[in-house]
């Protein structure tokens, strides 16, 4: 069985309160009076109703105690559990006039009939619940009394498979009753009984006075615990503030280191870019130096000079004009040319040929000059582009150098800040130590309260026994005639109990010892194992090195671990292969941190579901320290 969700629709102080639990460890935390006991009772009530374990008066008190505060007419709730791989919804209406109980299988929405519901928890009743999976702390019991509890638990479990039936106590009670009846049957003790009754009444008066004293002691311890808890909360606030400061400091240092890494990468990249720009700039500078220019203005002036030069060869043009002029002059001087006489036209022909030659030379030189001018202009344009590239490369280099300077300055600043952070003194206020001291004081006060409560319960029990004894003595006079019949019934009952107990012991004793030994070995980290309860109910355990130790030689914490191991073993046997939740109600109050840590770790690793009710944060702190996954359920 695994408890998945509980819904307190209307139960006690809660209205539509939904709590969800997961497999593994569930830590249900709440301050005192937050409602942990109400939730614990609700889980039990959903499984078995509010019928109680201790008679009709107890049933009535429990029923009345958890009637909803605001809507008493709407007294109901529901719970989802997993049984053998199937999810079931349990719904109950607790109101006596409208009491109802229903189980629905959620996979197909099938509502179980009465026979199926009767079989649903077969072999698992309320007594079994309280004595296996529901585990409370035994912190108020002294070492010697705790040994008796463990011995009694083992005896009853081995004799009857339940701790609800105290076989040894039942036999002793029957034996005492038999001896008393045999003694009383021998003579008329009316006068003696009247004296006994008077003595018991006097005893009752004294016990009532002592009860008032113990009540005052319990209230005083409760007030002391409340004041100490307030101090713990204040110290926890201071501790949290210090922790947050340290975390912020660590985060700031980490951020600076990450920024430093990023800047270092950027710096390397900028240096490479600058180196590349400088190399390009050097190549361009060398080219410009070859052509004797260094700036854009010089190139533009050279281009203007080239553009201003004419393409016309002036000298050749002058020769053309001279040759043409001479030819024209000769022609004018000798207009009558005789072509048959070459001496009359030779000069003119020479001038004509000279003019043609110089004209041809003019054309050739004109195009040669034009082509040379075009080449020079192309070269100047290329040099102009090179100048632009040189200036761009220089700008990139200068920009890269500025960025390098900025980054190097920032890196120096980061380095200084990191050194400053390293040189800062650590905050050393140890609030945890003070919290532990106050927690120990709280624990001490709780122990005082528990002891006072235990004494109070003893007084109440003594009062109850005294009143019961008074009632018995008053009735005994009427029962003298029936003593013989009672004696025969007692003999038959004792024989039957011994016979049944012996049969159960033979089959059950070995198995419970083996399983309890396994659990004890795990929760004590191998320190103790081989848990043994012999036929005489002597309890022993084997320590490291094979040393057998009697329970009366062990510490109270170890005996409580034995009690826990025995209950877990009983739960495993009763539930067999089915999953089971373990409900812990302040079960670690008397455990030191080491025992609590080993027990929680074992449960987290080996048990299917743990629901730990607590008003302390010890379990959460320990789970965090051990790296145990858990679900935290906070009751507001």
Discussion item. Out of the residues in region 556-596 meeting the condition of being over 20 Å from residue 531 (Cα atoms) and part of a helix (DSSP H, G or I), tell me which one is modelled with the lowest pLDDT.
Written reply: 575
Worksheet item: Does residue 353 meet the test of being at pLDDT 70 or above, surrounded by 16 or more Cβ atoms within 10 Å (Cβ to Cβ) and part of a helix (DSSP H, G or I)?
Response: no
Practice prompt. Looking only at region 334-342, decide whether some residue is assigned by TED's automatic domain parsing to the domain that holds residue 381, part of a helix (DSSP H, G or I) and at pLDDT below 70.
Written response: yes
Fill in: From the options 539, 512, residue that is under 21 Å from residue 136 (Cα atoms), at pLDDT below 80 and buried (at least 18 other Cβ atoms within 10 Å of the Cβ)
512
Discussion item. Given (1) touching a strand residue (DSSP E or B) at 6+ places or on another chain (Cβ under 7 Å); (2) more than 15 Å from residue 1 (Cα to Cα), identify the lone condition not met by residue 67.
Written reply: (1)
Item to complete: Name, by its number, the condition in (1) within 42 Å of the chain's Cα centre (by Cα); (2) in contact (Cβ under 8 Å) with a residue 12 or more places away in the chain; (3) farther than 23 Å from residue 262 by Cβ that does not hold for residue 436.
Response: (2)
Fill in: Search result, residues across region 39-64 that are at pLDDT 50 or above, assigned to a helix (DSSP H, G or I) and surrounded by 15 or more Cβ atoms within 10 Å (Cβ to Cβ)
39, 40, 41, 42, 43, 44, 45, 46, 47, 48, 62, 63
Response to the item:
Per the filter on region 6-19, residues touching a residue at least 40 places away in the same chain (Cβ under 8 Å), surrounded by fewer than 19 Cβ atoms within 10 Å (Cβ to Cβ) and part of a strand (DSSP E or B) are 15
Worksheet item: In region 21-38, how many residues are over 26 Å from residue 229 (Cα atoms) and either without any contact (Cβ under 8 Å) to a residue 40 or more places away in the chain or part of a loop (DSSP other than H, G, I, E, B) (or both)?
Response: 3
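Scan 284, 267, 247, 256 and give me the residue that is modelled with pLDDT under 75 and assigned to a helix (DSSP H, G or I).
Only one candidate passes the filter, namely 284.
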Discussion item. Please go through (1) under 28 Å from residue 121 (Cβ atoms); (2) in the same structural domain as residue 37 (by TED's automatic domain parsing); (3) surrounded by fewer than 16 Cβ atoms within 10 Å (Cβ to Cβ) for residue 587 and return the number of the only condition it doesn't satisfy.
Written reply: (3)
Item to complete: Have a look at 492, 484 and point out the one that is more than 40 Å from the chain's Cα centre (by Cα) and either at pLDDT 70 or above or assigned by TED's automatic domain parsing to the domain that holds residue 592 (or both).
Response: 492
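Conditions (1) closer than 27 Å to residue 448 by Cβ; (2) in the same structural domain as residue 6 (by TED's automatic domain parsing); (3) surrounded by fewer than 22 Cβ atoms within 10 Å (Cβ to Cβ), marked per residue:
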{"site": "526", "(1), (2), (3)": "no, no, yes"}
{"site": "530", "(1), (2), (3)": "no, no, yes"}
{"site": "543", "(1), (2), (3)": "no, no, yes"}
{"site": "561", "(1), (2), (3)": "yes, no, no"}
{"site": "564", "(1), (2), (3)": "yes, no, no"}
{"site": "569", "(1), (2), (3)": "no, no, no"}
{"site": "594", "(1), (2), (3)": "yes, yes, yes"}
Item to complete: Identify, by number, the condition in (1) exposed (fewer than 14 other Cβ atoms within 10 Å of the Cβ); (2) free of Cβ contacts under 8 Å to residues at least 60 places away in the same chain; (3) under 19 Å from residue 283 (Cα atoms) that residue 388 doesn't meet.
Response: (2)
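The values are calculated or read from the model by the stated rules, or taken from the named source; none is laboratory data. No experiment lies behind these values; they were computed from the predicted model shown. Note that we place each Cβ from the backbone using ideal geometry, even for glycine, and neighbour counts take in every protein chain shown.
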